[in-house]
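The values are calculated or read from the model by the stated rules, or taken from the named source; none is laboratory data. Computed from a prediction, not measured in an experiment: that's the story for all the values here. Backbone-built Cβ (ideal geometry, glycine too); neighbour counts: all protein chains shown. Quick note on the areas: whole protein, heavy atoms, side chains included, nothing else; ligands and nucleic acids left out. Shrake-Rupley method; radii C 1.70, N 1.55, O 1.52, S 1.80 Å.
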4 protein chains.
Amino acid sequence: MTARPAATQPLLHDVAYADTDAGGIVYHARFVEMAERSRNLAMRALGVPVAEMKERFGVQFIVRDVRATFHRPGHVGDVLALASGIVAASPARVIWRTAISRDGAAICDVEAQIAAFDPAAGGPCLLPAALMVRLDEAPRLPPARRSPMMKLHDRDGARA
Amino acid sequence: MTARPAATQPLLHDVAYADTDAGGIVYHARFVEMAERSRNLAMRALGVPVAEMKERFGVQFIVRDVRATFHRPGHVGDVLALASGIVAASPARVIWRTAISRDGAAICDVEAQIAAFDPAAGGPCLLPAALMVRLDEAPRLPPARRSPMMKLHDRDGARA
Amino acid sequence: MTARPAATQPLLHDVAYADTDAGGIVYHARFVEMAERSRNLAMRALGVPVAEMKERFGVQFIVRDVRATFHRPGHVGDVLALASGIVAASPARVIWRTAISRDGAAICDVEAQIAAFDPAAGGPCLLPAALMVRLDEAPRLPPARRSPMMKLHDRDGARA
Amino acid sequence: MTARPAATQPLLHDVAYADTDAGGIVYHARFVEMAERSRNLAMRALGVPVAEMKERFGVQFIVRDVRATFHRPGHVGDVLALASGIVAASPARVIWRTAISRDGAAICDVEAQIAAFDPAAGGPCLLPAALMVRLDEAPRLPPARRSPMMKLHDRDGARA
């Protein structure tokens with residue numbers, strides 16, 4: 001892979017009451033939803049709207065694993081910028097990262113491991129080569145920064 | 001810590017259309033919400049309803065990191081069983097795991113790293129000792145099983 | 001129609017942060033979701049789980065119109081009781097009302113007009129007679145109380 | 001009131017899986033959420049971001065009643081246009097309508113009756129005059145079209 005944009009046009013998200021909770025901040029699971037919107041926009045920019053995945057490539061995306069790390073709270077009226085890029089890709093799965101920020105300050109990172117599903121066969125499948133070619137044009141992002149504590153647990157988990 | 005229940009009464013969740021998406025399955029971020037309901041039930045069983053945290057302990061919980069791993073899809077009408085337990089706890093943070101299953105088959109695991117926030121000071125704080133004593137009575141669970149691919153990425157992330 | 005239960009077992013809903021917004025109360029659209037859960041429970045009590053509608057009756061339910069009236073706010077930790085009953089039913093549509101209360105005090109009323117959709121034909125259809133027989137066993141509820149101002153607007157709307 | 005714009009710039013909403021349900025269409029309560037986003041944009045266009053309501057006017061908005069009428073289903077990938085305007089306004093309450101369409105075809109109408117709440121006094125209050133002046137600049141919309149069946153029920157409700 002050669003030259004590739006470091007970022008596409010970010011998705012701007014105006015935080016509504018619907019996104020928040022009684023703690024006065026954006027509810028944590030909402031960032032996971034927002035990340036889907038950002039990935040969808042990135043896919044549309046690649047010429048592959050998710051609504052056309054099945055018809056054009058015969059597959060559907062399924063989320064295998066998702067992780068969100070929260071850096072700062074978001075509040076009603078904040079205009080958040082969401083930028084999605086690919087951390088790693090293989091025919092078995094793509095790892096997207098969505099970096100969510102406000103005025104350049106990191107708010108949240110969401111990483112989602114996406115695999116392909118063959119609706120006809122009713123089971124998982126490899127990502128089609130024609131789709132991999134498109135994904136190769138996506139922006140790349142490094143893995144999200146984790147808190148030291150959670151990193152420790154990751155190693156514990158890997159050992160378990 | 002001595003004898004401790006391996007599990008409390010699970011929360012039963014009857015999957016509604018509200019929980020699903022056009023792929024015909026439970027939307028991935030919904031499991032993150034369900035896990036909050038299960039942790040709240042576990043906290044209530046410990047005698048510490050989350051609505052009383054601030055009044056009784058002077059702190060609020062904040063989610064620092066959440067991760068969901070999806071094993072099998074859930075569907076409308078499924079009755080899911082959610083059981084929450086603590087994977088690791090220190091005054092700096094508690095890691096809860098919520099194991100979500102259907103008829104004994106694993107559907108999803110959600111792990112959430114929770115820290116304390118001092119609303120008076122407006123910043124993070126340690127979990128109060130009186131609260132740690134209560135959490136010590138919570139069921140314990142081992143870390144969630146990850147897929148091999150995501151484990152690899154975790155190590156990459158830890159190195160980064 | 002003769003003797004019919006005035007109410008089934010209510011659905012109890014323990015309000016989570018997920019249900020609330022930064023105003024500190026349950027977000028208004030969440031009551032609309034909760035009402036679906038309550039109607040689903042009522043349908044299950046009638047022996048017709050919504051997940052089996054298509055297979056057993058060849059139809060799906062669609063919501064044509066939904067209205068929620070808010071009497072008192074709900075808060076994190078509230079245990080809400082949701083009771084659903086039928087306000088009016090014909091083969092063209094069923095109007096369900098879900099009365100949501102806390103310790104007997106009215107919190108919210110949701111009324112939903114539900115019609116049938118024929119997935120095979122791809123269009124609306126009448127509710128099958130076998131399903132109407134089941135619905136005839138549902139609890140009945142009077143229409144929800146409205147605020148005087150909104151009633152006025154209804155008349156304006158009807159005139160328009 | 002004299003010349004007033006018939007509509008502001010609509011909010012465009014790219015339907016995500018998060019918005020849909022297992023029936024393959026946008027989940028009905030999601031339109032109620034989307035309408036909040038559209039009203040927030042309209043308020044911002046009036047120079048009154050909802051996040052500044054309390055600080056600038058000493059009040060918070062509360063939703064007293066909300067009604068959604070569904071004309072056509074929405075699907076993943078649809079780009080919906082949401083336009084909000086005021087149907088009726090008095091110091092006691094404002095009725096907003098949000099017309100949701102796709103390529104000019106009506107998808108859904110949401111009408112919300114909004115009142116003011118005084119956080120200091122802990123109770124409802126009139127909309128401040130300075131806020132009413134701003135709202136007077138909002139686009140106006142006629143009441144939403146209802147289905148004939150639901151109109152009948154409205155009259156029944158008004159009689160009850």
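Tabulated data
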{"quantity": "Relative contact order of chain A, defined on C-alpha pairs under 8 angstrom at six or more residues apart (%)", "calculated": "27 percent"}
{"quantity": "Amide H within-cut-off set for D:Tyr27, under 5 Å, with H built and near neighbours excluded", "calculated": "D:Thr20, D:Asp21"}
{"quantity": "Note, ³J(HN,Hα) from phi for the stretch A:13-28, Karplus 6.51, -1.76, 1.60, rounded to Hz, x at Gly and Pro", "calculated": "10, 8, 5, 9, 4, 4, 8, 9, 10, 5, x, x, 10, 4, 5, 4"}
{"quantity": "Within chain A: Cβ-based charge dipole about Cα centre, in debye rounded to nearest 20 (Lys, Arg +1; Asp, Glu -1)", "calculated": "480 debye"}
{"quantity": "Antiparallel bridges, percent of DSSP beta bridges restricted to the protein assembly as shown (to nearest 5)", "calculated": "95 percent"}
{"quantity": "Shielding of D:67-76 by partner chains, average beta-carbon count, 10 Å", "calculated": "5"}
{"quantity": "Dipole magnitude (debye, nearest 20) for the protein assembly as shown, charges at Cβ of Lys, Arg, Asp, Glu", "calculated": "0 debye"}
{"quantity": "The stretch B:11-136 shape via C-alpha gyration tensor axes, a/c threshold 1.5", "calculated": "prolate"}
{"quantity": "Calculated [θ] (222 nm, deg cm²/dmol) that DSSP helices of n ≥ 4 give over chain C, each run adding -39,500 (n - 2.57)", "calculated": "-8000 deg cm²/dmol"}
{"quantity": "Average accessible surface area per residue within chain C, 1.4 Å rolling probe, Å²", "calculated": "40 Å²"}
{"quantity": "Hits among aspartates and glutamates - C-alpha to C-alpha of B:Lys54 under 14 Å, sequence gap 8 or more where chains match", "calculated": "B:Asp118"}
{"quantity": "Label point 7 Å beyond Cα along the C-beta direction, distances from A:Ala92 to other copies (nm, shortest first)", "calculated": "3.2, 5.8, 6.6"}
{"quantity": "Integer Hz, Karplus 6.51/-1.76/1.60 couplings in order for the stretch A:63-70, x for Gly and Pro", "calculated": "8, 8, 6, 9, 9, 10, 10, 10"}
{"quantity": "C versus A: buried accessible surface, summed, Å² (probe 1.4 Å, to nearest 100)", "calculated": "700 Å²"}
{"quantity": "Karplus-derived HN-Hα couplings along the stretch D:131-140 (A = 6.51, B = -1.76, C = 1.60, θ = phi - 60°), whole Hz, x at Gly and Pro", "calculated": "7, 4, 4, 5, 4, 5, 8, 6, x, 9"}
{"quantity": "The protein assembly as shown shape via C-alpha gyration tensor axes, a/c threshold 1.5", "calculated": "rounded"}
